[in-house]
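Working notes, beginning with the structure itself.
The values are calculated or read from the model by the stated rules, or taken from the named source; none is laboratory data. Everything quoted here is computed from the prediction, not taken from an experiment. As a convention, Cβ positions derive from the backbone with ideal geometry for all residues, glycine included, and neighbour counts pool all protein chains shown.
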Amino acid sequence: MTNQNQAMLYGLATVLLWSTVATAFKLSLREFSPVQMLVVACAASVVVMALILVGQGRWHLVFALTRRQYLQSMGMGLINPCLYYFLLFGAFDRLPAQEAQPLNYTWALVLAYLSVPFLGQRLRRADIIAGLVCYSGVVVIATRGDVLSLTFSDPLGVAFALGSTLVWASYWIIATRDTRDPVVGLFLNFLCGLPVIALICGLTDGFDFRPGIALGAAVYVGVFEMGLAFVLWSYAMKKAENTSKVSNLIFISPFLSLVFIYFILGEIILPSTYVGLVLIMAGLWIQQHRSRAAEARLKQP
């Protein structure tokens, strides 16, 4: 099997995992509060990433960092998992999965916009067009098709969802200067964030984690969405001979996710969700396609 075929398999496995997590979020949030779900998921993620590092023979790297890098882990842990997942789970707690999930995909566009002031990149015409298309889709979904009224189904839930995209994009901009091993860095970020999350949980909703679907779904999120998916996607990028083919797989995820949302959660998918999601994906495609075309022209002699 060629490296590219292996990359596609890793990428497809990651996309399948990403497609299930919106459903897992809602299953857990039926019984748990967002902070209760987060403490379980974060703990499961720390365990699975530790096992991955041990299995790969890289556990020693956890103890080979500088004091500054350990402090960096504490700071980044407050962003991800703490702030990012507080907002994301808060959005899923207030909105139907079919609404919260597509809104979260606009983080890639936010990343392009934030890269202008913080990374010195240029804002291209394609980025502006992509933004108009993407956020028109956001309005369609958030208003459930009643665009002219501009009345959002749940303004705070929409604010949480869009706020999570801002936090996630900011996290990746900070990560561009991160010299730690990616899995080691993510493990330490979650390890440092876990006590903060546990403290907040203890002071608010408590630790009433009874066995059941909600607990299993929270563990699933920690193991797969926060842990294995990151590692599989890293493998896909390393193996890929053509990264654009692998990257394009992410456009499958939101549509496949609607299948799980419909059959497992029983949500009736609104026409506005389809329209808004198509607009969001179209905007992201414009942004990515133009970006790759520009890079290809720069590489030409």
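Inclusion of residue 234 among residues that are in contact (Cβ under 8 Å) with a residue 12 or more places away in the chain, surrounded by 19 or more Cβ atoms within 10 Å (Cβ to Cβ), in a helix (DSSP H, G or I) and hydroxyl-bearing (Ser, Thr, Tyr) is not warranted.
Just to be sure, is residue 53 over 18 Å from residue 182 (Cα atoms) and out of contact with any Gly (no Cβ under 6 Å at 6 or more places or on another chain)? Quick ask: steps written out before the conclusion?
Values: over 18 Å from residue 182 (Cα atoms): no; out of contact with any Gly (no Cβ under 6 Å at 6 or more places or on another chain): yes.
Here the answer is no, as residue 53 does not meet what is asked.
Considering each residue of the range 172-186, count those that are buried (at least 19 other Cβ atoms within 10 Å of the Cβ), out of contact with any Asp or Glu (no Cβ under 9 Å at 6 or more places or on another chain) and assigned to a helix (DSSP H, G or I), and give that number. I'd like the intermediate steps shown before the answer.
From the range 172-186, those buried (at least 19 other Cβ atoms within 10 Å of the Cβ) are 180, 183-186; that's our starting set.
Subsequent filtering for residues that are out of contact with any Asp or Glu (no Cβ under 9 Å at 6 or more places or on another chain) retains 180, 183-184, 186.
In the following step, the residues that additionally are assigned to a helix (DSSP H, G or I) were identified as 183-184, 186.
Residues in the range 172-186 being buried (at least 19 other Cβ atoms within 10 Å of the Cβ), out of contact with any Asp or Glu (no Cβ under 9 Å at 6 or more places or on another chain) and assigned to a helix (DSSP H, G or I): 3 in total.
The numbered conditions (1) more than 21 Å from residue 29 (Cα to Cα); (2) not in a helix (DSSP H, G or I) are all true for residue 207 except (1).
If you go through the range 201-215 and keep only what is surrounded by 12 or more Cβ atoms within 10 Å (Cβ to Cβ) and free of Cβ contacts under 8 Å to residues at least 60 places away in the same chain, you end up with just 202. Screening the candidates 92, 86 for the property of being modelled with pLDDT of 95 or more, in contact with a Gly (Cβ under 9 Å, 6 or more places away or on another chain) and either within 19 Å of residue 218 (Cβ to Cβ) or crowded, with 22+ Cβ neighbours inside 10 Å (or both) yields one hit, 92.
Within the set 97, 112, the sole residue that is surrounded by 20 or more Cβ atoms within 10 Å (Cβ to Cβ), in contact with an Asp or Glu (Cβ under 8 Å, 6 or more places away or on another chain) and closer than 30 Å to residue 184 by Cα turns out to be 112. In the range 2-25, of all residues being more than 15 Å from the chain's Cα centre (by Cα) and at pLDDT 90 or above, the one that is surrounded by the most Cβ atoms within 10 Å (Cβ to Cβ) corresponds to 13.
For the range 209-231, a residue qualifies if it is farther than 25 Å from residue 10 by Cβ and among the β-branched types (Val, Ile, Thr), and exactly one does: 213. Among the residues of this structure, residue 244 does not count as one that is under 30 Å from residue 143 (Cα atoms) and in a helix (DSSP H, G or I).
Looking at 107, 59, can you tell me which residue is free of Cβ contacts under 8 Å to residues at least 24 places away in the same chain and surrounded by 15 or more Cβ atoms within 10 Å (Cβ to Cβ)?
Values: 107 fails: free of Cβ contacts under 8 Å to residues at least 24 places away in the same chain.
Just a single option satisfies the conditions, and that option is 59.
Quick one: is residue 152 surrounded by fewer than 22 Cβ atoms within 10 Å (Cβ to Cβ) and of a type in the set (A, V, I, L, M, F, W, C)?
Working: surrounded by fewer than 22 Cβ atoms within 10 Å (Cβ to Cβ): yes; of a type in the set (A, V, I, L, M, F, W, C): yes.
So residue 152 passes the test.
Please indicate, with yes or no, whether at least one residue in the range 249-259 is in contact with a Pro (Cβ under 8 Å, 6 or more places away or on another chain), closer than 26 Å to residue 138 by Cβ and either assigned to a helix (DSSP H, G or I) or at pLDDT below 95 (or both). Taking every residue of the range 249-259 in turn, at least one turns out to be in contact with a Pro (Cβ under 8 Å, 6 or more places away or on another chain), closer than 26 Å to residue 138 by Cβ and either assigned to a helix (DSSP H, G or I) or at pLDDT below 95 (or both).
Listed here are the residues, each with its yes/no results for (1) over 30 Å from residue 57 (Cα atoms); (2) touching a Gly at 6+ places or on another chain (Cβ under 7 Å).
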position	(1), (2)
172	no, no
178	no, yes
182	no, no
188	no, no
213	yes, no
228	no, no
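Check the range 28-42 and report whether any residue there is under 25 Å from residue 254 (Cβ atoms), among the basic types (Lys, Arg) and over 17 Å from the mean Cα position of the chain (by Cα). Looking for residues that are under 25 Å from residue 254 (Cβ atoms), among the basic types (Lys, Arg) and over 17 Å from the mean Cα position of the chain (by Cα), one finds at least one in the range 28-42, hence yes.
Test residue 28 against the stated conditions and say whether it is at pLDDT 95 or above, of a type in the set (Ser, Thr, Tyr) and touching a Phe, Trp or Tyr at 6+ places or on another chain (Cβ under 6 Å). So residue 28 does not fit the description; no.
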